[in-house]
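The values are calculated or read from the model by the stated rules, or taken from the named source; none is laboratory data. The shown structure was predicted, so the numbers you read here are calculated from the model rather than taken from an experiment. Backbone-built Cβ (ideal geometry, glycine too); neighbour counts: all protein chains shown. When the accessible area is computed, the model is the full protein with side chains, heavy atoms only, and any ligands, DNA or RNA have been set aside. Shrake-Rupley method; radii C 1.70, N 1.55, O 1.52, S 1.80 Å.
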Amino acid sequence: MHVRTKLAVAVLTALSIFAISSPHSSAQAIPAGRKRGGDLDAFFTYGRARTDFGPVRNNVYTVGGDYMFRYFGLFQPGVNIRYRASTGATVNEPFFGAGVDVRLPVVLHLRPYAVADMGLGSVKQKPSGINDSGTSYIIGGGFDVPVVNRFAARAEFNYQHILLSGGGRSQDLTFTPYSINVGVVYRIR
């Protein structure tokens, strides 16, 4: 019986030392890859947009940030803010707004997401001098690919709907540019 007690003490001591020194010894209440707090990201993308003004393509620069809450089942909701500058030889279509994001779990090293934003969009047509603004919506989605520690590459598609109200003086106008963008995401925390 005395040998069994010494053996049990030796085994428990060895397991305790191993558990304390192991880097994977901390218990996780949340599955790996899903943490309690939220994520704060900043992003920049560049793309080409098809406008409603002929075959001319615009350069699109987007800068923004998002705060993603903790995971709820199979998705992670969040909020974002973005400024999008669409510039070209025929028309400029800037946008400033905010909205919601939804991220899905990582699949094959890709983190898919969807976005829906609402804000102020404007149309500045250069030849005719139209310069008006109105309610604008952006819907889209894409995926992020982790590159190094805090950086990820981003590819996305955005569809924008700009409604310019004539205010009784003229007919309401609707513009629907869309763009394909690539860029970078920096995870702040």
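What number, in percent, do you get for the relative contact order of region 38-187 if the mean sequence gap of Cα pairs under 8 Å and at least 6 apart is divided by its residue count?
With pairs under 8 Å counted, the relative contact order is 22 percent.
Hey, rough spin-label estimate for V145 and Y83, points 7 angstrom out along Cα→Cβ, what's it come to in nanometres?
Between V145 and Y83, the simple spin-label model gives 3.0 nm.
Bins of 10 Å, beginning at zero and ending with the bin holding the largest distance: percent of Cα pairs per bin for region 118-189, please.
Whole-percent P(r) values from 0 Å outward: 17, 35, 25, 16, 7, 1.
For a label point 7 Å from the Cα of A98 along Cα→C-beta, name the residues of region 113-155 whose backbone N is under 12 Å from it.
118-119, by backbone N distance to the label point.
Mind jotting down a quarter of the surface of the convex hull over the alpha carbons of region 38-187, in square nanometres, one decimal? Please report the intermediate quantities before stating the final value.
Numbers: hull surface 37.4 nm².
Value for region 38-187: 9.4 nm².
Find how much the distance from N59 to A114 grows on full extension, using 0.36 nm per residue of separation minus their present alpha carbon separation; answer in nm with one decimal.
17.6 nm
Taking all protein chains in place and a 1.4 Å probe, what share, in percent, of the accessible surface of region 38-187 do carbon and sulfur account for?
67 percent
Compute the accessible area per residue over region 38-187, keeping the other protein chains in place, probe 1.4 Å, unit Å².
51 Å²
Determine the dipole magnitude for region 43-88: charges of +1 sit on the beta-carbon of Lys and Arg, -1 on that of Asp and Glu, nothing else is charged, the reference point is the Cα centre, and the result goes in debye to the nearest 20.
Value, rounded to 20: 80 debye.
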